[in-house]
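Data first, discussion second: the structure below is written as structure tokens.
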């Protein structure tokens, strides 16, 4: 592996114009394809294999046309204090709004609340439903303005008017400045780390190019693979973070090899062969984790995972090819001015100087047990809230109170009861019943008498008369645990109800039931997902480190950090501690997809740090150092760059906390806190403590297994034997070196 990548780095350095133009051409072709590709159709959210989805499918089959995807607006009217919405002037204002809304060019229907009897029992609240012929994304500005003008007129009449639904929904900010914030912080971190503008700018440039290629590719393939606009969010987040980090490690190793006296082209090859090997396997762990999201069985999750995996792969390829190519254009620019001034002094300092990483490692090695206990107990304490984890899919109630959708939700809950915003849809299949109407009546009455059901609507039959649908309104809010218990209770009583219904069967669906089913499916898929991903990664790390205990220790550390991160998410987003600081106005259940996202992404990132840090320890150990000294040497060479990589990851992810969409905000916080825990507690404290306690046993591998496993030589042991020692004179410009001109003036280097 190291030898192959060594040659790749040298070739990329030598043929820098060709490699650079090739990547530019890839970007141009992908951009052109994206500009010509049709806009992806939004297939909606589907979850195969759950009852709610089966009921939706049955509705589409038996009630053709009812699942129209036209936009809708639920307009909520609240009368001024002490008045009734049915009073003369108020009623006239409501009816006027409905009439004006119905006259819209794209409006399919507008239902008067007084005719539809959608007025609260105390007559203070009412709502009208306006449906459109077009989807929300296809509504013209004129149609929206027409409806908004009618709403403003009703407000001028003294009514409080709020709007739910998707027709006029407030579009959440996707954290438009998230990427810019992350890039700005990354630039500062890189500048501090390298002390060179060129060295700081190169990883940023290549990462941005990688993200551009990834996103244009996603847009170009969106229609073919049914990718939605949200699919690229995760790809952007991970492509940017991983792209910067992978380039960072290659540039850092290049500077190190230049400091040892190697010529620029040789240093580029060595950087690609050593740091590049770690990049390849770190990238593979991320890809395994992301591709493994397909195990969950959620199409949207699978698409997001595969798109993000593609972005990470592009980041790996760019770091192995384009980074060495760009180094070929400016072989000395990435070196700090001090490094360029005095090469001999730099090499002396390289041999003698203890840096912050080695000093920290020595402190841990001297007191491994207290450090280990403190780290494990600390993360364990943060992980405790996971025991109260409640999954769900928050809706309008999770939005800011500054949005009209949230205020409409609150007004409906106040006027019609908390369960009104999450009715259960009961689909009755009476095809096998001798008397379908009687069978449906039995089902309807039994569900109406279930504790926790406030009311049921009249049943509506399809044209064939063999299927009916009605709504059951719970007494509790959609995200309340009692609502979940109610859904489960109705399903548990299904066999008895169906027996009394004589041949009819029913299923419970609706948004509330769907969210409950999704949460349960995700929870049941979490353990198989962990087994698959962790199992494959352990095998991969076994190949990298040729050790039994190091991969197991890596997996255990990951589990500890991801549980602590989930605990922090529960603490903030579910329990509300510190929620105000992050702009979280409403707490509630954690989004169902969040644990799977967090586990998959954090596992890949955790293995990044493991590979980058421990591979240097393994390299030192293989080259003859003692187990404890290898830990110190690994930190001397890698700690600074791993810390920089972690800070960059945190900066990129933290930028998404400012997003308006709650799921993106939650993912950004979860990933940022997970990187904090994993990089600075697990990898920087627990890992050296464990390796110090294990000593030589950490690197033990049975002989039979050693013979079976292929030797991929990530540490570059063969490479170090093959590559000659650095010359005393370092070429000033690789162009002159390749032309055969001997440079008599050395390029002095200094750290």
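Nothing in this text is a laboratory measurement; each read-out follows from the coordinates by a stated rule. These figures come from a predicted structure and were not determined experimentally. Glycine gets a Cβ as well: all are built from the backbone with ideal geometry, and neighbour counts include every protein chain shown.
List of remarks:
- Taking Cα atoms only, the orientation of helix 594-622 departs from the longest principal axis of the chain by about 10 degrees.
- DSSP beta bridge pairing in the chain, given as percent antiparallel to the nearest 5: 95
- Segment 72-165: C-alpha gyration tensor shape, a/c 1.5 cut-off, then a/b vs b/c: prolate
- Overall Cα dimensions of segment 404-515 - principal axes, largest extent first, Å: 47, 29, 21
- Residue exposure sequence - 322, 691, 540 - by fewest surrounding Cβ within 10 Å: 540, 322, 691
- Put in order of Cβ neighbour count within 10 Å, fewest first, the listed residues 425, 131, 512 become 131, 425, 512.
- Segment 677-703 residues near the modelled residue 549 label - backbone nitrogen below 16 Å, point 7 Å along Cα→Cβ: 686-703
- Shape call, the chain: gyration tensor on alpha carbons, a/c limit 1.5: prolate
- Relative to the longest principal axis of the Cα atoms of the chain, the long axis of helix 231-259 lies at roughly 10 degrees.
- Residues 319, 524, 143 in ascending order of nearby Cβ atoms (within 10 Å, fewest first): 524, 143, 319.
- Label-point separation, residue 180 to residue 208 (7 Å along Cα→Cβ), nm: 1.2
- Tilt relative to the chain, helix 2-14 - C-alpha long axis, 0 to 90 degrees, to 10: 90
- Centroid-to-centroid separation of segment 73-123 and segment 537-578 [C-alpha atoms, Å]: 54
- Inter-label distance, nm, simple model (7 Å from Cα along the C-beta direction), residue 155/residue 449: 4.8
- Full extension of the segment from residue 191 to residue 28, taken as 0.36 nm per residue of separation minus the current Cα-Cα distance, would add 55.7 nm.
- Each stretch of four or more DSSP H residues adds -39500 (n - 2.57); spread over every residue of the chain, this sum gives -20000 deg cm²/dmol at 222 nm.
- Normalised contact order of segment 95-208, rounded percent, pairs of Cα under 8 Å and 6 or more residues apart: 20
- Taking all Cα pairs closer than 8 Å and separated by 6 or more residues, the relative contact order of the chain comes to 21 percent.
- Cβ-Cβ FRET estimate between residue 92 and residue 135, R0 fixed at 25 Å, reported to 0.05: 0.15
- Calculated FRET value between residue 389 and residue 705, using beta carbons and R₀ = 35 Å, to 0.05: 0.40
- Residues of segment 420-458 with amide N under 14 Å of the 7 Å Cα→Cβ point at residue 489: 446-455
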